[in-house]
Each structure stands twice: as structure tokens, then as C-alpha cells.
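Each remark here refers to the structure printed beneath this line.
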């Protein structure tokens with residue numbers, strides 16, 4: 001295919017114009033210069049913004065956000081109490097947002113049945129389907145038609161439906177399409193949006209194939225009594241990596257909203273929530289107080305994990321072990337069970353789009369496989385006959401362990417007093433290949449006893465403080481922080497981040513295309529038009545763009561996806577092309593990764609010191 005000539009040429013936004021989710025976090029400005037311990041400490045400081053907030057914008061526990069969460073919890077409670085109607089709650093999103101939707105539905109579906117709310121069905125919708133739960137599929141985020149159709153199919157089945165669209169940047173076309181579907185049925189559908197940007201910074205670029213934007217759609221929703229929960233928790237530790245803090249905040253907000261609604265339903269004093277449009281502060285005060293009380297343990301728990309020196313030492317050691325494996329182009333494997341194994345699957349799935357990692361560089365397997373996953377579409381491995389969809393420990397032993405080498409790293413993640421015995425076959429297979437193996441046990445501070453599982457007791461066991469046997473959501477929080485730290489830290493140490501910006505991400509949807517242009521412009525000091533031209537040269541592998549009008553961003557994304565499959569480093573190459581326009585594409589392509597990243601770091605550091 002010939003390369004297009006057309007570019008958008010938008011000017012670089014000022015910080016005030018840049019969505020918070022796309023800004024650089026001042027805390028992590030020098031993330032790439034840190035050792036593993038330094039990375040953990042910067043992640044701690046960044047995660048503290050979950051509680052403290054960002055600048056003068058409304059934080060999670062601000063009065064404004066507690067009010068919006070109370071209204072959302074009240075809308076949920078209203079459905080739970082409507083036993084004479086067929087009701088549904090739908091949580092939906094793309095990428096991390098869709099995966100968090102799945103986790104919440106999985107956690108609360110059984111609880112609703114147990115509490116007599118069998119008339120309410122819980123559904124999750126993830127752009128790209130169930131495969132996208134653990135194998136990154138970023139392009140469907142741009143498919144607003146798919147989102148529209150999927151939600152309309154559910155609206156048609158129920159008397160009342162509460163829709164919660166999750167889009168960290170207030171930008172996903174997939175969610176916008178679903179909002180349009182809901183707006184067509186105002187008498188039976190209540191719409192809510194969860195994100196982490198101010199409304200004024202919702203995306204205002206036209207959605208491809210429409211004459212509307214996400215911002216205009218959201219404004220219409222709010223004009224029709226819709227809800228917007230958008231606490232501002234600050235930029236991500238790695239710029240734009242909303243799988244981290246935004247993903248954590250998504251999980252926390254939805255868990256407390258569901259818990260508050262279920263608790264209120266059982267409390268005679270709060271059986272019915274206030275009227276949805278009530279502006280009386282006194283009416284909402286009890287629910288706001290309950291929500292604030294539910295949030296407190298999350299903040300305290302995260303602080304306790306990060307303030308425990310052995311826990312931080314464990315994170316740092318695992319970052320170094322993961323880095324060592326990836327430097328040899330080998331693998332980091334997680335083996336676990338239940339929801340903790342699913343969290344590992346999710347963390348692994350997010351590495352390819354974030355760091356342009358090969359699928360399988362970071363891989364997770366969960367005891368029980370698809371039975372444990374309990375996803376709507378069932379056993380995807382059997383349906384698609386694809387080894388990339390293997391999930392179970394048996395799959396690991398039979399199909400993946402034979403390819404292990406001494407450069408691979410295998411991490412078994414346990415919680416509380418769980419035995420290693422169910423992992424015995426997996427560990428034996430790993431030991432047969434002299435892999436680096438670590439047992440990581442999420443435990444409480446009082447229990448620091450080593451494992452005593454017979455032949456397995458000589459495997460080094462590391463501890464992380466964070467087991468909360470009576471509050472499993474808090475244990476899940478610790479596990480998410482741990483996994484995010486390991487994979488992010490390893491790729492930072494590998495050289496995939498410059499400062500705190502990704503420089504080797506996949507250009508796999510509209511959002512990432514625009515992010516890539518910004519990265520090229522930021523580091524090359526080129527104009528926006530020159531940066532986009534360099535990105536397109538890199539995508540299409542040409543020295544000069546031809547004059548061929550009509551190419552859309554979705555077509556650029558498809559071409560970039562094909563280039564990534566050929567192991568081309570689109571964004572690093574584009575930065576060098578923009579910084580050195582006289583260099584040919586072929587000259588840059590002669591340099592392979594990691595020397596390409598090393599060269600990029602050297603060039604940009606030199607340019608920075610001279611400016």
C-alpha cells in the first residue's frame with residue numbers, strides 16, 4: 001500500500017488543554033533513571049494521589065465526587081429494589097476498563113443472587129469480546145457501531161437497565177456508541193459514565209464516521225439526567241498508562257458503589273434511596289458518609305503495603321528478575337489461582353499495547369483455567385484452537401514448559417496460607433529447565449513463616465504485606481499494585497520508557513495514534529505536522545509520503561498493526577526520523593532492538609542537555 005500524504009497537523013496542547021490522563025506526572029519525570037527500588041518508591045508516591053487527588057481538582061473523597069457516587073449507588077439500589085421488573089446492570093469499556101468491568105461483574109453476580117436480587121442480571125461488555133480480557137485488542141475501542149449494537153441488544157431484553165460506561169480519558173468511541181443506544185430509550189435506561197478527566201477535557205475530536213464527539217455525547221447524556229463520576233487522581237506514573245492508577249481507581253469506585261447499594265438495601269433506615277434528581281444535601285448525606293467510610297480502608301491498605309520494607313524489597317527483586325528475563329528475550333510467567341490469577345492475566349495482557357511487547361513476553365496461567373475465569377463466552381481455547389488462548393496450569397505444563405530455558409522467570413503467586421501443592425507439577429517442569437523461580441506470598445505482617453511444602457521448601461519465598469482475609473477486595477488491591485509494579489518496572493528498566501513517557505508503544509487505535517504523534521513531537525522537538533509525517537513514514541516504511549488523499553486514522557492503525565506484527569518499532573523509529581529528517585527509513589531499520597532504544601535514549605539525552 002502506498003503511504004498517504006494527508007496529516008492533521010494539530011498544534012501541541014498546553015498542559016491545561018491536555019487531558020489529565022495524558023499528562024506527564026511530575027513525580028515520575030525521571031522514572032527511567034531509577035533503579036528497581038527507586039521505581040517502587042515513585043510508584044508509591046504516584047498511587048498516593050488516589051487519595052490526595054491532583055492540584056485543586058475534585059479527588060475521590062471530595063464532596064462533589066461522593067455526591068456523584070451516591071447518586072450512582074442510589075440508581076443501582078433502585079434497580080435492586082425493583083423486584084417486580086426485569087432489570088439489568090451493564091458495565092462496559094475498552095481495554096483495562098472492560099477488564100475491570102468483567103472483574104466487578106464476576107465479583108458481584110453471585111452476591112446479588114444470595115441477597116434476593118435475582119431479578120437483576122449483571123453484564124459486562126468489553127470491546128473485542130472475551131478474548132480482549134487477556135489478549136490485548138485495542139482497535140475495537142474505536143468501533144462505536146459495535147458498542148451501539150451490543151447495548152441495544154440488551155436494552156431490548158429488559159424493563160429497566162442501568163448502564164455504566166467506563167472510559168478513563170472520557171474518549172472511547174465504543175462507549176460513546178453505547179451512550180447513543182441508551183439515549184434512544186430514555187424511559188427504561190439510566191446512563192452513567194466513569195472516567196478520570198474533567199468534563200471540559202473530554203475528547204472533542206469527531207468520532208470517525210459520525211458528526212459527533214465523545215464530549216458532545218456526554219453533554220447530551222448529562223442533559224438527560226445522566227451521571228458522571230470523574231474524580232481527578234492525577235497523571236499516570238507512565239504517561240497515558242491508564243491500566244495503572246486509573247484501573248485501580250475504577251475497581252475501587254465500582255466496588256464501593258456496589259457495596260454501598262447492597263448494604264443500604266439491607267438497612268431498614270435506608271431501604272429506598274433519595275429521588276435521583278434530589279438536590280437536598282441532607283437526603284444524600286447518609287449514603288455519602290457510607291461511601292467515604294468504604295473508601296478509607298482502601299487507602300489505608302495501599303499505604304500499609306507500600307510502607308512495609310519487605311514488601312517493597314519483594315517488588316524491587318521481582319522487577320530485576322523480570323528485567324533479566326526480558327533482556328534475554330525470554331519470558332516472565334505468573335502462576336496463580338482464582339481472582340488473583342485473573343489479575344495476573346489482565347496485567348500480562350496490557351504489556352503489548354503499552355510497551356510494544358511481544359505477546360507472551362509476560363504470560364499468566366491460572367489454576368482451573370476457563371472454569372475459574374467464568375467468562376461469558378466460555379472456553380476460548382477450545383473454540384479458536386489457539387495456543388495463545390491457553391490459561392490453565394495444565395496448559396502451562398503440557399504446552400509451554402517444554403520451551404522453557406534457564407533465562408525464563410516463573411513467579412507463583414499465593415495468598416494467605418495457601419499451599420504450593422496444586423502448583424507442584426508446574427514447578428517441577430520449571431525446575432527441570434533451571435528457570436529462575438520465586439514464590440510470592442501476599443500475607444499479613446504478623447505471618448512471616450517460610451513455606452513448608454516438602455520438596456518445594458527450598459524455592460525462595462518472598463513476602464508482600466496485604467492479605468485481608470475478611471476483606472478480599474483489599475487483598476486484590478495489593479495484588480494489582482504488585483503486578484503493575486513488576487511489569488511496569490521491568491519494561492522501564494528494559495529501556496521502553498524515556499523520562500516517564502512510553503517510547504515504544506503499539507499504535508493500535510485512534511487514541512494511541514494521537515498519543516504517538518504527541519510522543520514524537522515531544523521528543524523530536526518537531527512541529528505537529530512534521531511529527532505526524534514522521535509517524536506515517538515509520539508506519540508505511542517509506543522515505544517520502546505520496547499524495548494519496550482519503551486515508552483515515554483507522555487505516556493508519558491497521559497498517560501500524562501489521563508493521564508491529566513484523567516486529568517493527570514504529571514510535572522509536574518515528575522519533576528518530578523526526579529528529580533527523582535526512583536519515584532514511586532503511587538506515588534506522590538496520591538498528592535492531594534493544595540497540596535502537598539505546599540509540600534513541602542517547603540521542604534524546606544529548607539533545608536535552610544541549611537545549
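What the table shows:
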{"item": "Distance in nm between pseudo-label sites at residue 113 and residue 303 (7 Å out along the Cβ direction from Cα)", "result": "3.9"}
{"item": "Relative contact order, percent, segment 184-309 [alpha-carbon distance under 8 Å, six or more residues apart]", "result": "19"}
{"item": "Shape category assigned to segment 55-270 from the gyration tensor of Cα positions, a/c cut at 1.5", "result": "rounded"}
{"item": "Convex hull volume per residue in cubic angstrom - Cα atoms of segment 305-491", "result": "114"}
{"item": "Helix-only CD estimate at 222 nm, as mean residue ellipticity for the chain, using -39500 (n - 2.57) per DSSP H run (n ≥ 4)", "result": "-15000 deg cm²/dmol"}
{"item": "Global form of the chain, assessed from the alpha-carbon gyration tensor, a/c cut-off 1.5", "result": "oblate"}
{"item": "Gyration tensor verdict on segment 481-595 (Cα atoms; rounded if a/c is under 1.5, prolate if a/b is larger than b/c, oblate otherwise)", "result": "prolate"}
{"item": "Mean separation of Cα contacts under 8 Å, 6 or more apart, over the residue count of the chain: relative contact order %", "result": "18"}
{"item": "Residue exposure sequence - 211, 567 - by fewest surrounding Cβ within 10 Å", "result": "211, 567"}
{"item": "Ascending count of other beta-carbon atoms within 10 Å, so fewest first, for 525, 251", "result": "525, 251"}
{"item": "Two-site FRET efficiency, residue 433 against residue 567, from Cβ-Cβ distance with R₀ of 35 Å, rounded to 0.05", "result": "0.90"}
{"item": "Listed peptides 417-424, 503-510 by packing density, highest first (mean Cβ within 10 Å)", "result": "503-510, 417-424"}
{"item": "Percent antiparallel among DSSP beta bridges (both partners in the chain, rounded to 5)", "result": "5"}
{"item": "Residue order, fewest to most surrounding Cβ atoms within 10 angstrom, among 27, 539", "result": "27, 539"}
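Since every read-out is calculated from the coordinates, none of them should be taken as a lab result. Not measured: the values here are computed from a predicted model. Virtual Cβ from ideal backbone geometry, glycine too; neighbours counted across all protein chains shown.
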